[in-house]
Amino acid sequence: MKRYLIFCLVLIQLLFVSMLTAAQTGKCQEKCLPIYKNGLYSFEERVKDVLSRMTLEEKVSQMATTAIAIPRLEIPQYEWSNECLHGLARAGKTTVFPQSIGLGATFDPDLVYRMADAISSEARVYYEQAQEKGNWGKYTGLTFFSPNVNLYRDPRWGRGQETYGEDPYLTSRLGVAFVKGLQGNDKKYMKTIACAKHFAVHSGPEGKRRYFNASATTKDMYETYLPAFKALVQEGKVGSVMGAHNRINGIPCNGNRELLVDILRKDWGFKGYVTSDCNSLSLFVTDHKVCKNKEQAAALAANSGLNLNCGWIYKASLVKAVQNGLVKESTVDSLLSTLLMARFKLGLFDNPKKVIYRKIDRNIVNSKTHQDIAYEAALKSMVLLENKNGLLPLKKDINYLYVTGPNANNPDALIGNYFGASDRLTTFFEGIAQKVPVGTTLQYRQGVMLNMVASNNWTVKEAAESDVVIACMGLTNMLEGESMDAIASNEKGDVLNLSLPEAQLNFLRDLKENVDKHQKKLVVVLTGGCPIILTEIRELADALIYAWYPGEAGGKALGDILFGNESPSGRVPITFVKSLEDLPPFENYNMEGRTYKYMKKVPLYPFGYGLSYTTFEYTGLNMPSTIKAGEALIVSVKVKNTGMTDADEVVQLYISDDVASVQNPIRRLAAFTRVSLKSGEEKNVVLTVQPDMMSVITDCNQRMIESGEFTISVGGGQPVFQTQSYVNGRVNVEGSKKLEL
């Protein structure tokens with residue numbers, strides 16, 4: 001027994017010595033690594049070290065979209081350009097969420113955060129799998145050109161579908177949520193890197209974007225065009241910003257030092273990298289004509305603070321620009337340091353086992369959890385615009401339902417632009433078929449093409465024999481969007497007439513005439529990213545739903561809304577006008593007469609509008625009568641579901657400065673929240689108005705909170721257009737306070 005104990009003690013000692021030796025050897029190996037490969041050093045030290053080992057040519061090779069491999073330093077190729085606007089795009093199987101404008105209609109930052117978190121998880125899995133295959137090519141990186149937080153200032157802009165709508169505050173809340181969900185919350189590593197684009201003052205015309213000069217006053221810049229970018233930088237800590245193609249007041253955005261350095265870095269404290277929009281630098285020579293050659297273009301961009309060239313100008317000409325004295329090599333070092341820091345923060349130079357985001361379960365891609373988020377988003381995005389005589393929800397005892405229209409069974413109507421590939425796409429017809437009561441006759445014919453009349457059409461006569469016709473009409477990415485994608489558009493993707501194609505309008509007119517003859521009903525479901533003029537369609541439809549581009553679960557969500565399994569709760573994030581005559585010229589970037597904040601014409605459907613299957617009552621508004629300038633305003637209100645259906649309400653608070661010393665918005669959205677209420681339930685809702693929402697931009701281009709009286713309105717939409725109850729109150733602000741722009 002004694003010998004056995006001695007043997008055990010010796011064995012334990014040997015094992016301990018062996019483990020200690022191994023640990024010391026591993027530690028020695030790590031210490032012997034070059035600093036840039038050594039995890040014992042800070043990212044800043046590692047960036048400085050690897051930069052010192054590069055030649056000028058190697059440095060510049062890392063500042064283009066495709067950063068080529070540097071074998072002697074064991075630096076692999078990296079692709080900076082990727083997209084994930086509403087799901088991982090241009091990759092393998094993924095979850096497709098609603099397009100951004102539909103996310104705007106949800107008024108739900110928490111939902112957007114959860115969606116972005118799901119997207120970044122799928123992106124990480126895809127990145128790991130691509131690496132294993134040796135795929136370092138296009139769209140494999142973890143740096144994304146999303147979100148688009150440009151203001152949807154004019155409804156004719158075809159790319160407005162990529163934005164969260166026309167309101168800077170709503171855009172900032174959803175944009176910050178998206179960035180935080182995408183980039184993760186680890187203290188050391190970033191999950192992915194988001195990009196605030198297109199900086200700045202960029203919203204059409206699409207066909208002129210490569211040479212257009214947007215003229216904007218300082219007041220409009222800081223009141224309208226810049227707030228969302230500032231929020232993403234300061235609150236969201238966004239990792240990158242993309243410069244726009246266009247000029248602002250004569251200066252190309254990607255060569256604008258005031259924009260990229262003075263405002264972005266000095267004023268706002270931005271720490272990430274700035275990328276050009278793709279091929280923007282060549283436009284300095286060919287379109288903007290501010291440079292004589294590509295060397296000058298490279299120098300202008302580099303000296304203006306542009307870190308990354310999405311394109312070829314840096315690769316072709318930056319080395320020569322340095323050699324010719326147009327750019328200092330120290331400037332190149334500074335620009336590249338920021339790019340290298342991004343790659344280190346993504347964990348691309350570290351042991352995968354030490355990077356938390358490289359351990360994500362690969363089964364998460366389009367998992368049930370992510371599918372549920374896609375369904376929730378689709379459901380919350382759809383807006384009920386009309387419901388005459390309570391036609392919807394459809395009765396369960398309906399005998400004959402007829403589905404028609406070019407988008408009824410069209411997957412393109414679900415995805416918009418910058419989309420991914422899902423094996424779970426459910427069209428509207430399929431979603432209706434899943435929910436239709438057993439024993440109900442269900443028939444489908446397309447009836448009409450997107451923009452062409454059908455030469456042989458039985459649908460109009462046949463549909464009128466049913467009890468209810470559901471016509472799924474509208475636009476797809478063929479007709480609106482980025483110019484190279486909108487292949488059926490004669491307007492480079494813009495929708496200059498804000499109308500459905502004439503073929504669809506004529507089909508709806510004929511359909512309505514025959515439906516009325518037989519005393520039947522017509523439900524119109526519209527897809528699209530722009531607020532088309534609905535004056536006539538509103539009259540034709542007994543019920544009208546705007547579904548935007550609702551993603552893979554769009555059909556399922558529509559089916560549940562039509563049959564009353566869920567109540568619609570979306571709110572339009574952009575004004576629907578009555579006529580083109582209500583809009584200023586498309587190319588005029590002055591905000592006078594634009595968006596709900598400045599438009600004096602009565603809209604058809606105002607920003608924030610949307611119907612429900614129930615009604616809500618607002619009472620008990622409570623807030624202080626006086627606050628000091630610079631204090632937040634705390635407002636509470638009681639909201640009650642007074643109908644028979646459980647539903648969500650979007651509680652919106654608008655503020656009006658009654659005594660502003662300068663021209664100011666008529667009203668502005670200053671706070672909002674979603675609240676779920678069962679039939680008969682009442683909740684106390686608390687909203688906070690931040691001090692900057694009570695500020696103005698003065699004639700001296702300063703942001704000030706002025707003393708005086710403000711009107712506060714709380715309800716389910718803007719107060720002057722309310723169909724349900726709302727409450728008003730007033731608060732007096734004492735004193736004044738200057739804020740940063």
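The values are calculated or read from the model by the stated rules, or taken from the named source; none is laboratory data. Remember, predicted model here, so these are calculated numbers, not experimental data. Cβ: placed from backbone, ideal geometry, glycine included. Neighbour counts: every protein chain shown.
Overview of values
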item	result
Subset of region 121-179 [more than 30 Å from Leu340 (Cβ to Cβ) and in a loop (DSSP other than H, G, I, E, B)]	Leu151, Tyr152, Arg153, Asp154, Pro155, Arg156, Trp157, Thr163, Tyr164, Gly165, Glu166, Asp167
Single residue of Gln131, Gln99, Gln77 found to be at pLDDT below 95 and not assigned by TED's automatic domain parsing to the domain that holds Asn417	Gln131
Failed item in (1) of a type outside the set (D, E, K, R); (2) touching an Asp or Glu at 6+ places or on another chain (Cβ under 9 Å); (3) farther than 25 Å from Glu166 by Cβ, with Pro665 passing the rest	(3)
Filter pass, Ser656 being more than 23 Å from Glu566 (Cα to Cα) and either surrounded by fewer than 16 Cβ atoms within 10 Å (Cβ to Cβ) or among the acidic types (Asp, Glu) (or both)	no
Matching residues, region 550-561, being under 13 Å from Val383 (Cβ atoms) and in contact with a Gly (Cβ under 9 Å, 6 or more places away or on another chain)	Pro550, Ala557, Leu558
Those helices (runs of 4 or more DSSP H) lying entirely in region 522-618 with at least 2 residues farther than 27 Å from Asn641 by Cβ, acidic (Asp, Glu) and at pLDDT 95 or above	535-540
Pairs, first not assigned by TED's automatic domain parsing to the domain that holds Arg730 in region 697-718, second part of a loop (DSSP other than H, G, I, E, B) and surrounded by fewer than 20 Cβ atoms within 10 Å (Cβ to Cβ), C-beta under 6 Å, six or more apart	none
Leading residue by the ranking (surrounded by the fewest Cβ atoms within 10 Å (Cβ to Cβ)) among those in region 198-222 that are among the aromatic types (Phe, Trp, Tyr) and within 23 Å of the chain's Cα centre (by Cα)	Tyr222
Residues (farther than 26 Å from Arg667 by Cα and assigned to a strand (DSSP E or B)) located in region 642-655	Ala647
Per-region count, region 459-514, residues buried (at least 18 other Cβ atoms within 10 Å of the Cβ), in a loop (DSSP other than H, G, I, E, B) and of a type in the set (Ser, Thr, Tyr)	4
Some residue of region 482-489 being under 21 Å from the mean Cα position of the chain (by Cα) and under 25 Å from Phe607 (Cα atoms)	yes
Failed item in (1) over 21 Å from the mean Cα position of the chain (by Cα); (2) within 26 Å of Thr476 (Cβ to Cβ), with Met599 passing the rest	(2)
Answer from Tyr169, Tyr164 - the residue that is surrounded by 24 or more Cβ atoms within 10 Å (Cβ to Cβ) and either at pLDDT below 95 or touching a Pro at 6+ places or on another chain (Cβ under 8 Å) (or both)	Tyr164
Inter-residue pairs, beta-carbon under 7 Å, first more than 16 Å from Gly416 (Cβ to Cβ) and assigned by TED's automatic domain parsing to the domain that holds Asn451 and in region 473-499, second among the charged types (D, E, K, R) and surrounded by 17 or more Cβ atoms within 10 Å (Cβ to Cβ), 6+ apart	Lys492/Glu206; Leu496/Arg156; Leu498/Arg156
Conditions (1) in contact with a Ser or Thr (Cβ under 6 Å, 6 or more places away or on another chain); (2) under 23 Å from Glu74 (Cα atoms): number failed by Glu295	(2)
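Let's see how each residue does on (1) among the aromatic types (Phe, Trp, Tyr); (2) more than 22 Å from Thr575 (Cβ to Cβ); (3) modelled with pLDDT under 95:
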site: Gly620; (1), (2), (3): no, yes, no
site: Ala629; (1), (2), (3): no, yes, no
site: Leu633; (1), (2), (3): no, yes, no
site: Asp646; (1), (2), (3): no, yes, no
site: Ser661; (1), (2), (3): no, yes, yes
site: Ala670; (1), (2), (3): no, no, no
site: Arg674; (1), (2), (3): no, no, no
site: Val689; (1), (2), (3): no, yes, no
site: Ser695; (1), (2), (3): no, yes, no
